[in-house]
1. Report, ordered by the first and then the second residue, all pairs with beta carbons closer than 9 Å, sequence separation of six or more or different chains, a first member in the range 27-41 that is at positive phi, and a second member that is hydroxyl-bearing (Ser, Thr, Tyr) and not in a helix (DSSP H, G or I).
2. State the number of residues belonging to the range 18-46 that are farther than 22 Å from Val67 by Cα and not hydrophobic (A, V, I, L, M, F, W, C).
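What follows is calculated from the coordinates using simple rules that are stated; it is not laboratory data. All figures in this text were calculated on a predicted structure; none of them were measured in a lab. Every residue, glycine among them, receives a Cβ derived from its backbone with ideal geometry; neighbour counts consider all protein chains shown.
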Amino acid sequence: MGRASVRVLRNLYVLVSCALVVAALYFARSVFIPVTLSVLLTFLLSPLMLMLQRRGASRTLAAASVVVVALMVLAFVMTVITHQIQLVTNDLPHHKQAIIARVDDLRDRASNSWLAGISDTLTDISKHIANTNQENTPTEPPTRVTIVPSHLSFVSSTLTPWPTPSLGLAWY
């Protein structure tokens, strides 16, 4: 094997590895996001808890008071954000004409840019694809299919596990 083919193969391994890591992170995001937030909160709140412990508070009391203070800060921040959102929604009708004028101005500027050409081209292509799909739709109804049980259906019935009660639910 030559140097070039080894280099290409190594680059391919790196690319596939990166793709697998990104895919794993994407599918595991429902686990990683809460874990990351908990680690972040631990780093933010542990110095305060350690300070309270050094001043003589027990570990339980320090942890409970830090959590209460954190929840109070979170409630305060959420109250401020909610108040600001209410102010913006109340003021929005007064700024309606100015917003419409700016959107129209942006639309006029964008109509002369190179993005408008790309947008028009993509719109034409999607219309052509939609027309092609409408022309290729079958005029006859689909064929009716009947599912017939296999002679091996006893295998699935013997391999199916018995229902087990979980979390106090009834047998189904």
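1. Sorted first by the residue in the range 27-41, then by its partner, the list stays empty.
2. Of the residues in that region, 3 qualify.
The rows are residues; the columns are (1) of a type in the set (Ser, Thr, Tyr); (2) exposed (fewer than 10 other Cβ atoms within 10 Å of the Cβ); (3) in a helix (DSSP H, G or I).
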{"position": "Thr36", "(1), (2), (3)": "yes, no, yes"}
{"position": "Met78", "(1), (2), (3)": "no, no, yes"}
{"position": "Pro93", "(1), (2), (3)": "no, yes, yes"}
{"position": "Asp105", "(1), (2), (3)": "no, no, yes"}
